[in-house]
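Participant: Have a look at the structure that comes next, please.
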Amino acid sequence: MEVLRPPMGFNTWNTFGAEINESVIKETADAMVDKGLLDAGYEYLVIDDCWSKKKRDKETGKIVPAPDKFPNGMNAVSDYVHSKGLKFGMYSCAGTRTCADYPGSYDHEFLDAETFAEYGADYLKYDFCYKPHKADGAQLYRKMGMALRACGRDIVYSACNWGSDEVEKWIRSAGAHLYRSTGDINDQFESYRDIAVSQFEKLAYSGNGCFNDPDMLTVDMHGQGNVANGGCTDIEYKTEFALWCMYSAPLMLGCDVRKISDSALKLVTNKTLIRINQDIEARPPFSDRQEGLKANDRTTIFKLLSDNQIAVMCVNFADGERTASVMMDNCGIPASSGYGLHMVDAFTGEDLGVQKEFFEVRLQAHDSAVYLCDIAK
Ligand code: GAL
């Protein structure tokens, strides 16, 4: 199947961890539709780890949904999710057990892919815990890639080996559509900042068909839930979301969308940011600094878009205010050309007119600005 744009949706792990069940999933599905998230593009509802019984069925060898969490089986859940117009995602692991110690798919890849197809799954996140030492990681991802291709259903393949074994170099060839490229995110500014800094140079490997996945978003978690670690301010969530958009990263919400705040909803449904994220060309951004993103200072990054547009993001990772500059020469438009950028603020919609040579913006600590631009005289 073709996955030409970064997948968008919701995943249970960040907020719910093991506390998942049929009602949580159904209520989340309702919320995704009622709050306009589906309309904005968030279409996958993915159940992460801890959904099954601790042991496979003795006779069939299949993984079985935990009856206390999913008393009506997985098809009841999947049917409900589909009835709302959403797509349904499941989780398994390339090792013998999942990270939370439930059955993994090692040596059961084809059977499990068939089981997920029977559930009506449209997406599979595939983790990396409990890998037998003798097994080769890349080969395990190839196996599930083949199993999904053989299972008779289109299933988005979301690999999750945390960036190990230089995953970006071989995962596209194994058939994955997205691949986790770092360790787990947690709900803290430093966590997403470090992920963003570490992945900047690797984005050249990301693109249509197979996207670098810097992990599920923590936007609006505010220190609540399974990966809570103090939380972020609204300004920090704004910067996190904008970075993921500039990276053409999958946008998987991790907050409790049943209770999402109005400001976060406005942020994650911002049409301009989503247009930048979903741009069909999925080009990597380039930086005005040699080192990519600087972890404790301001940086400006540029991303060429289709329709001859350009997205510009000024980000301030410093703990104090900074002036960020957009040097037109740095994005390839010399002053002598007579051209500049016609800039529109992605957050406020303000039209800043054609800016030539040099543009400056003052940014609070951890804040950012994003502009959708056209080249103009
Ligand atoms: C980790 C993975 C997380 C989550 C967790 C479940 O390995 O990176 O995103 O899926 O396992 O146990």
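The values are calculated or read from the model by the stated rules, or taken from the named source; none is laboratory data. Just so you know, these numbers come straight off a predicted model, no measurement behind them. Glycine gets a Cβ as well: all are built from the backbone with ideal geometry, and neighbour counts include every protein chain shown.
Participant: Taking the stretch 146-188 as the search range and keeping residues that are touching a residue at least 60 places away in the same chain (Cβ under 8 Å) and of a type in the set (D, E, K, R), which one is farthest from the ligand (Cβ to nearest atom)?
Facilitator: Looking at residues that are touching a residue at least 60 places away in the same chain (Cβ under 8 Å) and of a type in the set (D, E, K, R), I get Asp154.
Participant: For the stretch 103-119, give me each residue that is within 20 Å of Ala76 (Cβ to Cβ) and either surrounded by 24 or more Cβ atoms within 10 Å (Cβ to Cβ) or within 12 Å of the ligand (Cβ to nearest atom) (or both).
Facilitator: Asp112, Phe116
Participant: Checking the structure you have, find out if any residue of the stretch 364-373 is within 22 Å of Thr269 (Cα to Cα), at pLDDT 95 or above and touching a Cys at 6+ places or on another chain (Cβ under 7 Å).
Facilitator: Checked against the condition, which is being within 22 Å of Thr269 (Cα to Cα), at pLDDT 95 or above and touching a Cys at 6+ places or on another chain (Cβ under 7 Å), the stretch 364-373 yields at least one hit.
Participant: If the Cβ limit is 9 Å and pairs must be 6+ apart or interchain, which residue in the stretch 96-109 that is under 13 Å from Lys131 (Cα atoms) pairs with which residue that is among the charged types (D, E, K, R) and in a strand (DSSP E or B)?
Facilitator: Filtered contacts from the stretch 96-109: Thr98/Asp127; Cys99/Asp127; Pro103/Arg97; Gly104/Arg97; Gly104/Asp127; Tyr106/Arg97.
Participant: Something else: Residue check, Gln290 against (1) outside the structural domain of Tyr123 (by TED's automatic domain parsing); (2) crowded, with 22+ Cβ neighbours inside 10 Å, all met but one. Which one?
Facilitator: The failed condition is (2).
Yes or no, residue by residue, for (1) hydrophobic (A, V, I, L, M, F, W, C); (2) assigned by TED's automatic domain parsing to the domain that holds Tyr339; (3) away from the ligand (no atom under 16 Å from the Cβ); (4) in contact with a Lys or Arg (Cβ under 9 Å, 6 or more places away or on another chain):
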site: Met221; (1), (2), (3), (4): yes, no, no, no
site: Cys255; (1), (2), (3), (4): yes, no, no, no
site: Thr272; (1), (2), (3), (4): no, no, yes, no
site: Leu305; (1), (2), (3), (4): yes, yes, yes, yes
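Participant: Collect the residues in the stretch 1-39 that are part of a loop (DSSP other than H, G, I, E, B) and either buried (at least 20 other Cβ atoms within 10 Å of the Cβ) or more than 16 Å from the ligand (Cβ to nearest atom) (or both), keeping them in residue-number order.
Facilitator: Met1, Glu2, Val3, Leu4, Arg5, Pro6, Pro7, Thr12, Ile20, Asn21, Lys35, Gly36
Participant: Would you point out which residue out of Cys151, Cys129 is under 20 Å from Asn11 (Cα atoms), surrounded by fewer than 24 Cβ atoms within 10 Å (Cβ to Cβ) and of a type outside the set (Phe, Trp, Tyr)?
Facilitator: Cys129
Participant: Filter the stretch 111-140 down to residues that are within 19 Å of the chain's Cα centre (by Cα) and either charged (D, E, K, R) or not in a loop (DSSP other than H, G, I, E, B) (or both), then give me how many there are.
Facilitator: Count: 6.
Participant: Write out, first by first residue and then by second, each pair whose Cβ atoms fall under 7 Å of each other, whose residues are 6+ apart or on separate chains, and whose first residue, in the stretch 34-55, is small (Gly, Ala, Ser) while the second is in a loop (DSSP other than H, G, I, E, B) and within 16 Å of the ligand (Cβ to nearest atom).
Facilitator: Partner pairs satisfying both residue conditions: Ser52/Ile63; Ser52/Ala66; Ser52/Tyr102.
Residue-wise test of (1) more than 16 Å from the ligand (Cβ to nearest atom); (2) closer than 30 Å to Arg275 by Cβ; (3) surrounded by 18 or more Cβ atoms within 10 Å (Cβ to Cβ); (4) modelled with pLDDT under 95.
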| position | (1), (2), (3), (4) |
| --- | --- |
| Val46 | no, yes, yes, no |
| Pro71 | yes, no, no, no |
| Val77 | yes, no, yes, no |
| Cys93 | no, no, yes, no |
| Thr96 | no, no, no, no |
